[in-house]
């Protein structure tokens with residue numbers, strides 16, 4: 001009987017949807033009705049947390065904290081702040097409020113691909129008229145920071161952004 005009880009407890013822990021990365025506990029934040037200063041601080045906190053994983057390697061289907069794919073990385077980062085993102089970049093592109101590239105702010109998501117298919121997602125670190133700095137997990141470099149406008153590859157594939165904080 002003790003063995004069955006122990007097995008049941010283990011299964012509950014295994015299937016528990018609470019944060020499984022105990023080294024990175026969830027920061028519960030109410031995003032509805034944030035003041036401008038609180039929103040700005042949250043966006044900065046998300047960026048700072050995202051940068052901590054710079055240099056981590058790519059792994060197909062991986063969602064961290066040691067290996068990531070692009071959407072696994074974005075969902076891991078936002079999950080830390082209790083912002084739930086779907087697991088694939090295609091599904092993430094359907095969440096939040098859509099923004100034009102010129103409207104993007106720190107901690108918005110930016111999507112890449114073709115008009116028919118979302119193929120990649122990154123997190124905006126800095127946006128201005130002349131630069132769009134993102135952090136993302138690329139299959140060739142892992143988690144890196146890049147300026148979209150300085151990359152012929154990303155510049156040609158950029159589609160739109162999403163605000164998943166004020167959605």
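Only the coordinates and a few stated rules stand behind these numbers; no lab work does. These numbers were taken from a predicted model, which means no experiment stands behind them. Note that each Cβ is placed from the backbone with ideal geometry, even for glycine, and that neighbours are counted across all protein chains shown.
Side notes on the structure shown:
- Square roots of 5 times each gyration tensor eigenvalue, C-alpha, the range 62-162, largest first, Å: 19, 15, 13
- Residue order, fewest to most beta carbons within 10 Å, for 111, 160: 160, 111
- Computed across the range 27-101, the Kirkwood hydrodynamic radius from all distinct Cα-Cα pairs reaches 13.3 Å.
- Averaged over residues, the count of other Cβ atoms within 10 Å places the peptides 88-100, 72-84, 131-143 in the sequence 72-84, 131-143, 88-100, highest first.
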